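All remarks here apply to the structure that follows.
The values are calculated or read from the model by the stated rules, or taken from the named source; none is laboratory data. Only a predicted model underlies this, so the values are computations on that prediction, with no experimental measurement involved. Ideal geometry is used to build each Cβ from the backbone, glycine not excepted, and the neighbour counts take in all protein chains shown.
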Amino acid sequence: MSTDRDQAGGLANERNDHSVSRRDVLKQGVAAAAGGAALLGTGATAFGQAPAVARGAQAGRRYRAFLTPPGGRPRGIETVILREIQAHQAVVRAEAAQACYTIVNLLAPPPPPAAPAAAAAPAAPPGAVLAGHGAVGIVEAVGSAVRRVQVGDRVIVPVTQNCGQCWNCLHGRGDFCSAGAGRNNAPIGDLADGTPVNFGLGGFAELLVSWEEQTVPVATDVPPVELSLLSCVMSTGLGLATKRMPVEPGMDVLVLGAGPLGLSAVQGARIQGANQIIVVEPVPYRRELAMKVGATTVLDPNAFPTMQALQQKIVGLCTPRITRSFAGARGPVAASGLGPYGPQFILEAVGGDRFPPKVPTGPDPTGVQTLQLAWAVCPTGGIIRTCGVGQPMGSTVTFPAGQWSNAGKTHLPGNFAGVNTFRDIPQFTRFVEKGLFDAKSLVGETFPLDRARDALQVAADRTSISGVVTFPS
Ligand SMILES: [Zn+2]
Ligand SMILES: [Zn+2]
């Protein structure tokens, strides 16, 4: 019987190698482009991926997921009954999913049910939401219109879609793709009592129903537990250092915060060829990790009596050995935030504490002083990239109006750090394969799905560099 995969295997044979081009991937899907089962002749799919186990109708499949149910019911593991997938959706069997600090608020008690509005039109029944921030897994089934991936592909389901068609995508800002707005609120399944289940940002579930625009093939044998970081923090950290306005070789780089995101930024700066990589982090084991993956200097902010003392230390580290001008008349190093010296590239990955950590906390749990430090320590012409989240509502950052333009400081905020998922996540995967990026060191503790709450707890407590939920293959 001839199949698409057989034909793709023929294409690969004609090239006389097993290489996979992006053109092949986009046209045929990764498994097909690599030759797939027919080429390997073993019944296994390419890259050691799991064989496809589900074809045809998806409706009625039951799987377990960590859910935020409506009505103030406790969050936890429940059984979801899948609805039929839509034409542009795929069903992905999860292999691993990281517990982001961004979502540790799921540990808080759920909000009470809202009082019904009098006289208002009856609202749609509130749905349950899948918790998580993306995942890595294997495509088990695809809708009739899906072209980017194929059954058997190992894929990253990142936190953002990348449709390539919306205003932001067309202007090079796939990290702000607007295709996801609303679509992830569409029910993909139901609980036994009929409560609809929405995908949300998914991840802590045995199955994910993802839109094609949010399903990125990564042809690789890198262990899934390491790949899981690519759905959010690792891609964001690497994006901060390597995308849109990347670190240039020889720059002095300051990284504020050495969580999994900051440590990814450290490695991105190292890959880019930074000169110094100075890391500020209050937690001792995280400072050690920073040195392991590429930092040249680590500083404990709690060892400095004031933020200004920390600022002066950083500026001093970035002051050249010879500071005289050709006229020999340059004055002392300024500590006013106007340079002339300091780290040319500053990456902020701190944010605010959602819960009191069980490890040493920094001098300012709100994270606002860190943002002020980023501005103050940035020299004339420097670049500041921020991505920390969780600063208290209503908090503000201030800076002298005269510096806004005249200090020549460039600020690029984070979100997904300018990452174009289909372009960049496969590239980041190659970084891991080639040994340029140490993902293994960023995997802290792993947990089965039944302990998803514990994965969130170690992230909230910061007792481990990361908590990852893994699924049996
Ligand atoms: Zn995240
Ligand atoms: Zn888009």
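Reported count of residues in the stretch 297-321, each being under 13 Å from P343 (Cα atoms) and without any contact (Cβ under 8 Å) to a residue 24 or more places away in the chain, is 6. Being buried (at least 21 other Cβ atoms within 10 Å of the Cβ) and modelled with pLDDT under 90 is a condition met by at least one residue of the stretch 398-415.
The condition of being within 16 Å of ligand 1 (Cβ to nearest atom), at pLDDT 95 or above and not assigned by TED's automatic domain parsing to the domain that holds A99 does not hold for G268. Could you list, in sequence order, the residues of the stretch 266-282 that are under 17 Å from G239 (Cβ atoms), β-branched (V, I, T) and touching a helix residue (DSSP H, G or I) at 6+ places or on another chain (Cβ under 6 Å)? Within the stretch 266-282, V266, I277 qualify. Selection within the stretch 360-392: residues that are of a type in the set (V, I, T) and without any contact (Cβ under 8 Å) to a residue 40 or more places away in the chain. The member of this set that is farthest from S405 (Cα to Cα) is T366. V155 meets all of the listed conditions (1) within 16 Å of ligand 2 (Cβ to nearest atom); (2) out of contact with any Cys (no Cβ under 7 Å at 6 or more places or on another chain); (3) of a type in the set (V, I, T) but one, namely (1).
This table checks each residue for (1) in contact with a Phe, Trp or Tyr (Cβ under 8 Å, 6 or more places away or on another chain); (2) within 16 Å of ligand 2 (Cβ to nearest atom); (3) under 18 Å from V350 (Cβ atoms).
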site: V209; (1), (2), (3): yes, no, no
site: P217; (1), (2), (3): no, no, no
site: V222; (1), (2), (3): no, no, no
site: V225; (1), (2), (3): no, no, no
site: L238; (1), (2), (3): yes, no, yes
site: M245; (1), (2), (3): no, no, no
site: G250; (1), (2), (3): no, no, no
site: G257; (1), (2), (3): no, no, yes
site: P260; (1), (2), (3): no, no, yes
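Conditions tested, residue by residue: (1) surrounded by fewer than 24 Cβ atoms within 10 Å (Cβ to Cβ); (2) among the basic types (K, R); (3) outside any loop (DSSP other than H, G, I, E, B).
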{"residue": "R244", "(1), (2), (3)": "yes, yes, no"}
{"residue": "E248", "(1), (2), (3)": "yes, no, no"}
{"residue": "M251", "(1), (2), (3)": "yes, no, no"}
{"residue": "G262", "(1), (2), (3)": "no, no, yes"}
{"residue": "Q267", "(1), (2), (3)": "no, no, yes"}
{"residue": "R270", "(1), (2), (3)": "yes, yes, yes"}
{"residue": "A274", "(1), (2), (3)": "no, no, no"}
{"residue": "V279", "(1), (2), (3)": "no, no, yes"}
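Out of all the residues in the stretch 160-179, is one or more within 16 Å of ligand 2 (Cβ to nearest atom) and at positive phi? Yes, some residue in the stretch 160-179 is within 16 Å of ligand 2 (Cβ to nearest atom) and at positive phi. Quick check, is Q165 in a loop (DSSP other than H, G, I, E, B), away from ligand 1 (no atom under 16 Å from the Cβ) and in the same structural domain as V104 (by TED's automatic domain parsing)? Criteria met by Q165.
Anything in the stretch 430-473 that is assigned to a helix (DSSP H, G or I), among the hydrophobic types (A, V, I, L, M, F, W, C) and closer than 15 Å to L261 by Cα? List them, or say none. Before the answer, list the steps.
Residues of the stretch 430-473 assigned to a helix (DSSP H, G or I): 430-433, 440-442, 449-461.
Still in the running and among the hydrophobic types (A, V, I, L, M, F, W, C): 431-432, 442, 449, 452, 455-456, 458-460.
Hits for the stretch 430-473 are L442, A459, A460.
Within the stretch 144-166, residues that are more than 20 Å from R430 (Cβ to Cβ) sit with their Cβ atoms under 7 Å from residues that are of a type in the set (D, E, K, R) and within 16 Å of ligand 1 (Cβ to nearest atom), at 6+ positions apart or across chains, in these pairs: T160/D175.
Looking at T220, is it touching a helix residue (DSSP H, G or I) at 6+ places or on another chain (Cβ under 7 Å), crowded, with 24+ Cβ neighbours inside 10 Å and of a type in the set (S, T, N, Q)? The answer is no for T220.
Can you tell me which residue within the stretch 180-193, out of those that are among the small types (G, A, S) and touching a residue at least 12 places away in the same chain (Cβ under 8 Å), is farthest from ligand 2 (Cβ to nearest atom)? Spell out the reasoning first.
To start, the set of residues in the stretch 180-193 that are among the small types (G, A, S) comprises 180-182, 186, 189, 192.
Right, trim to touching a residue at least 12 places away in the same chain (Cβ under 8 Å) and you get 180, 186, 189, 192.
Details: G180: 8, A186: 17, G189: 25, A192: 35 Å.
Of everything passing the filter in the stretch 180-193, A192 is farthest from ligand 2 (Cβ to nearest atom).
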